[in-house]
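These notes concern the structure reproduced below.
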Amino acid sequence: MSDLIIRTRFAPSPTGFMHVGGIRTALFAWFVARQANGAFILRLEDTDQKREVEGSADHILKALGALGITHDEGPDIGGPYAPYKQSERLEIYKAWAKKLIDSGRAYADPYTPAELDAFRESARANKKAFLYRDHRPETPPAWDGSTPLRLRSDPKAYNWHDEVLGDLSTGPEVIDDIILIKSDGFPTYNFAHIVDDAEMKISHIIRGQEFIASQPNYLNIYEALGLDLPIFATMPHIMAESGNKKLGKRDGAKDVLDYLNDGYLPETMINFIASLGWNDGTEQEIFTVPELIKKFSLDRVQKSGARFDEKRLEWMNGQHIRLLTLDDLYERVTDFWPASAVTASEELKKHVLALVQDRLKTLKDLAILTDYFFAEPKADWSMIENNKQLAQLPKGELKQLLQASFEALGEVSTSDFTPEAVQETLNQLLVTTGQKPGILFSLIRTVVSWAPFSPALDHTLSVLGKETSLARLDAAIKDL
Ligand code: GLU
């Protein structure tokens, strides 16, 4: 096993958006390849033409690219086993199908859909499980491609190992004559993926739970083709936050690109998605991508469903935002500034960004958190009324506190309006007014920002500057 060349693949069908579950499969396969200096292959499984959604293939490439999940071979870049798009490999599947016909392990299905329905109906009437192999024709016609080609299965019990699920076994009753090539000339997933994984020398098949029931039939096909088995690893479902059902579109499982557009960092998405069903056995929750590549192992993927918790995702994003250097963060927030910042200097923007970095949960928060640094905020006195402590003070007292603050801050020199100088004045104000910081500082903070959150008051006032700070205090005094 040590000389096994690690080649993993992500084999999406271009049928729509890139949900979290699909990305997780890609990610785990990518980790396995990258940690072993192996290859990660992207293969488009587009043999179900009815389900194909236009633009979906480009979308998959874009989503993987945006997350930095790089592939070494694929439909866009080619590789030694090209083409990497199943619809362009039809001749290859036919050649492999011929091998099975020649060895007597595949046959042309002679039945019409109505005849098959009648077989199913009679099985139901007899309370028997329906199996195609019970109706296998004695002398099937030669296969001309106009009818389905079926496996002539060899029903038997199987024991096999799954890296995640452990040792599994099934009886012969689950083995059946499944379709290999459909009457439209396209192979089924069941057949095509085995051919492709063999041709592309895939070492590990990492895929979702929806395929586990078909696994015994796959084993039967591997045997019929005389192929060595790859390593299998079945991913647990991702469950919705509430209830015990699989995560669906309605549970907040957006497309990954939507999360990025909403101000989640790619590294957050990778960390979060990796944590859906995997941990390293410690309490550590925040991992960088290189750390994940190093630490990931299939045997620590849990068997049971992982829960999708959007609040945790948000928390994690805040943590990853904090880990960025200011310059890196600055590069990433280009599209997230409030409109009011359009003419602001890079210096001011960086200053403001440094102030709020610790408070951002998503990059989208930037606009709400910083607008008042670049534009005059609109007074919203309901913020005072809704503040438990401030709401108790009579108007006259609010006015007096603001007046005292206006005068004291007016004493600080314009050129020395630093956080330290401002803080000293604020401390003195606490003494002269006899107020608690929770009241006095909240009041000042509110009337200079009219924002739900803001950074530490000394820094906020310092960045606003003396003139603006005093003007906003004055406006509030006049408003009261
Ligand atoms: N084309 C299959 C899907 O998108 C991939 C399954 C696999 O990874 O083998 O669900």
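All of the numbers you see were taken from the coordinates with simple rules; none came from a lab. Every value quoted in this text rests on a predicted model; they were computed, and no experiment measured them. All Cβ positions, glycine included, derive from the backbone under ideal geometry; neighbour counts span all protein chains shown.
Rounded to two decimals, the Cα-based Rg/Rh of segment 162-253, with Kirkwood Rh, is 1.03. How are the C-alpha pair distances of segment 60-189 spread across 5 Å bins, as whole percents from the shortest bin up? For segment 60-189, the pair-distance distribution reads 2, 8, 13, 14, 14, 14, 14, 10, 6, 3, 1. By DSSP, the beta bridges lying fully in the chain are antiparallel in about 50 percent of cases. When the alpha carbon gyration tensor of segment 329-480 is reduced to an equivalent ellipsoid, the three semi-axes, largest first, read 26, 17, 13 Å. Pairwise Cα separations in segment 1-108 fall into 5 Å bins from 0 onward with the following percentages, short to long: 2, 12, 19, 20, 17, 13, 10, 6, 2, 0.
Among PHE336, PHE232, which comes first, then next, by fewest other beta-carbon atoms within 10 Å? The partial results should precede the final answer.
Working: PHE336 17, PHE232 22.
Least crowded to most crowded, the residues run PHE336, PHE232.
Taken over the alpha carbons of the chain as equal point scatterers, the Debye sum produces base-10 log I(q)/I(0) values at 0.06 Å⁻¹ of -0.44. For segment 418-423, backbone phi angles converted through the Karplus equation (6.51, -1.76, 1.60; θ = phi - 60°) give residue-by-residue couplings of 8, x, 5, 4, 5, 5 Hz, Gly and Pro being listed as x. Phi angles across segment 83-96 convert, under the Karplus curve 6.51 cos²θ - 1.76 cosθ + 1.60 with θ = phi - 60°, into 3J(HN,Hα) values of x, 9, 10, 4, 5, 9, 10, 4, 5, 5, 5, 4, 4, 5 Hz, Gly and Pro given as x.
I need HIS204, HIS19 ordered by Cβ neighbour count within 10 Å, fewest first.
HIS19, HIS204
Partner lysines whose Cα lies under 30 Å from the Cα of LYS201, excluding those fewer than 8 positions away in the same chain, are identified as LYS50, LYS62, LYS85, LYS94, LYS98, LYS99, LYS156, LYS182, LYS294, LYS295, LYS303. Legend: Rg and Dmax of segment 111-170, from Cα coordinates, 16.1, 42 Å. Centroid-to-centroid, using Cα positions, segment 257-273 and segment 438-457 are 31 Å apart. Amide H contacts under 5 Å for GLY208: MET235, restricted to partners 5 or more places along the chain or on a different chain, H placed in the peptide plane at 1.01 Å from N.
Find the centroid of the Cα atoms in segment 401-418 and in segment 52-78, then give the distance between the two in whole Å. First find each Cα centre; the distance between them is then 57 Å. When each of PHE211, PHE453 is scored by the number of other beta-carbon atoms lying within 10 Å, the sequence from fewest to most is PHE453, PHE211. Quotient of the Cα radius of gyration of segment 291-412 and 2.2 N^0.38 Å, N being its number of residues: 1.55.
Derived scalar couplings between HN and Hα for segment 135-151 equal 10, 3, x, 4, 10, x, x, 5, 7, 10, x, 8, 10, x, 9, 10, 6 Hz in order, rounded to whole Hz, by the Karplus curve 6.51 cos²θ - 1.76 cosθ + 1.60 (θ = phi - 60°), x for Gly and Pro.
Checking the Cα-Cα distances for LYS364/LYS478; LYS246/LYS361; LYS349/LYS378 against a 30 Å cut-off, the pairs over it are LYS364/LYS478.
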